[in-house]
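Undergrad: Got a structure here, written out as structure tokens. Questions coming.
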Amino acid sequence: MKNTYYYIDEAGGIKSNSKFFILGCYKTDSPDQIKTKIESLKEEIINSPYFAFEREKFIEQGFHASENHFDIRARFFNLISTLNIRSYILLLSKNSSFFKKLIDQGLDANQIYNLCIEKLMTDRLTKTRHDHNTIIFEEYGSKLSKWVTNVEEVIAKVDGKIQKYYGTKLSYQVEVHSKEDSNLAIIDYLNFLFVQFFEHSKVEQRMVENFKIIEPKIAMVYKMDQDLFYDSKTRIDVNKY
């Protein structure tokens, strides 16, 4: 049985003042290779005289897109373009009638987050239902055990849907990792790019270029509030947002 790994994280929390809630995910079958390449780049940056004035901050924070020096970002986006990954992004406008309807129905932030996880992961796990799936979420909220239980319940619900429609019980495990798992930095960087386009009225040209560099690694973007899918045939035009 093939081993498939999913890494999942969010940006623009449901309760925050952001315009969008963004849920990012990437799939790979070679997490150890990815981790080795990330750690290699990290060591290279730490030992580079060019980044001497960033070294202390970088050692403390690691690869964190909103905090990293723009030259570190450039190096990491370039690395992403070479990795064996396929990424999937869900966008939910909090100014949409769809979102407001969810609020009017009495759904709280956690329930809306769970709907987004279910929507994003059902298609993903349906396509890898014959693999063993390791589904890794980044820590969220103040109570780790509560978050672990929550995401396990969401994926169990997805498993039930797949069993119902395909007669296949998923082989999977759910894990929650801290930011110390360097593989999660990829999702942080991907989400960061979409934050630039969907939260800011003016986007730096360098961000547009970064998006073009990693765009081949983006398999799908889904605007949940409009039920619109963007894939390899219909690419999303981030310049219009």
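Undergrad: Okay, helix-only estimate at 222 nm for the chain: each DSSP H run of n ≥ 4 adds -39500 (n - 2.57), divide by all residues, round to 500 deg cm²/dmol; what do you get? Numbers along the way, then the final one.
TA: On the way: 8 runs with 109 residues, N = 241.
Per the formula, -14500 deg cm²/dmol.
Undergrad: Can you tell me the FRET efficiency between Lys146 and Gln226 if r is taken as the Cβ-Cβ distance and R0 is 30 Å, rounded to the nearest 0.05?
TA: Working: r = 32 Å, r/R0 = 1.05.
Efficiency, rounded to the nearest 0.05: 0.40.
Undergrad: Now for a different question. Please work out the Cα center distance from region 176-230 to region 77-114, rounded to the nearest Å.
TA: Distance between centres, Cα-based: 11 Å.
Undergrad: Same structure again: Return one whole number: the accessible area per residue of the chain in Å², for a 1.4 Å probe.
TA: Details: 12330 Å² over 241 residues.
I get 51 Å² per residue for this part.
Undergrad: Then there's this: Just how far, in whole angstrom, is region 1-60 from region 123-173 if you go by their alpha carbon centroids?
TA: If you average the Cα positions of each part, the centres end up 22 Å apart.
Undergrad: Which of Ser145, Phe194, Leu120 sits closest to the plus end of the dipole of the chain, meaning its Cα is farthest towards the positive end, when Lys and Arg get +1 and Asp and Glu get -1 on the C-beta?
TA: Of Ser145, Phe194, Leu120, it is Leu120.
Undergrad: Then there's this: Dipole of region 1-46 (Lys/Arg Cβ +1, Asp/Glu Cβ -1, origin at the Cα centre): which of Tyr5, Phe20, Pro31 lies farthest to the positive side?
TA: Phe20
Undergrad: Further, regarding this structure: Taking only the alpha carbons of the chain, what extent do you get along each of the three principal axes, in Å, biggest first?
TA: Answer, in whole Å and largest first: 57, 43, 40 Å.
Undergrad: If N is the number of residues in region 40-146, what value comes out of its Cα radius of gyration divided by 2.2 N^0.38 Å? Intermediate values should be presented prior to the final figure.
TA: Details: Rg = 19.0 Å, N = 107, 2.2 N^0.38 = 13.0 Å.
Here the Cα radius of gyration is 1.47 times the empirical estimate.
Undergrad: Which value, in debye to the nearest 20, describes the size of the charge dipole of region 110-241 about its Cα centre when Lys and Arg Cβ atoms bear +1, Asp and Glu Cβ atoms bear -1, and nothing else is charged?
TA: Values: 19 positive and 20 negative charges, 87 e Å.
Result for region 110-241 is approximately 420 debye, rounded to the nearest 20.
Undergrad: Could you calculate, for region 182-232, the ratio of the Cα radius of gyration to the Kirkwood radius, expressed as Rg to Rh?
TA: Values: Rg = 11.8 Å, Rh = 12.1 Å.
Looking at region 182-232, the ratio lands at 0.98.
Undergrad: For region 143-186, state the semi-axes of the equivalent ellipsoid (square roots of 5 times the eigenvalues of the alpha-carbon gyration tensor), sorted largest first and rounded to whole angstrom. If you can, show how the numbers build up before the last one.
TA: On the way: eigenvalues 130, 36, 9 Å².
Semi-axes, largest first: 26, 13, 7 Å.
Undergrad: Here's a follow-up. Need one number for region 119-199: average projected area of the convex hull over its C-alpha atoms, nm².
TA: Details: hull surface 25.5 nm².
Taking the Cα atoms of region 119-199, their convex hull projects to 6.4 nm² on average.
Undergrad: Could I ask something else about it? Viscosity 0.692 mPa s, temperature 37 °C: Stokes-Einstein D of region 152-219 from its Kirkwood Cα radius, in µm² per second? Mind dumping the intermediate values first?
TA: Working: Rh = 15.2 Å.
It diffuses with D of about 216 µm²/s by this estimate.
Undergrad: Where nothing but the Cβ of Lys and Arg (+1) and of Asp and Glu (-1) is charged, how large is the charge dipole of region 140-193 around its Cα centre, in debye to the nearest 20? Mind showing how you got there, number by number?
TA: Details: 7 positive and 7 negative charges, 66 e Å.
Using Cβ point charges on Lys, Arg, Asp and Glu, region 140-193 gives about 320 debye.
Undergrad: Modelled label-to-label distance, Gln163 and Gln61, 7 Å Cα→beta-carbon offset: nm?
TA: Taking the simple label geometry, Gln163 and Gln61 are separated by 4.5 nm.
Undergrad: Please work out the FRET efficiency for the pair Glu204 and Ser97, using the Cβ-Cβ distance as r and a Förster radius of 30 Å; give the result to the nearest 0.05. Walk me through the intermediate numbers first.
TA: Values: r = 31 Å, r/R0 = 1.04.
About 0.45, to the nearest 0.05.
Undergrad: With unit charges on the beta carbon (Lys/Arg positive, Asp/Glu negative), name the residue among Tyr230, Ile46, Leu107 whose Cα is farthest towards the positive pole of the charge dipole of the chain.
TA: Result: Tyr230.
Undergrad: Here is a follow-up. What distance in nm separates the simple spin-label points at Arg86 and Lys119, each placed 7 Å from Cα in the Cβ direction?
TA: 2.1 nm
Undergrad: Report, largest value first, the span of the C-alpha coordinates of region 84-220 along each principal axis, in whole Å.
TA: Principal extents (largest minus smallest coordinate, Cα): 47, 41, 31 Å.
The values are calculated or read from the model by the stated rules, or taken from the named source; none is laboratory data. Bear in mind the structure is a predicted one, so any value in this text is a computation, not a measurement. As a convention, Cβ positions derive from the backbone with ideal geometry for all residues, glycine included, and neighbour counts pool all protein chains shown. Just so you know, the surface numbers come from the protein's heavy atoms only, side chains and all, with ligands and any DNA or RNA stripped out. Shrake-Rupley method; radii C 1.70, N 1.55, O 1.52, S 1.80 Å.
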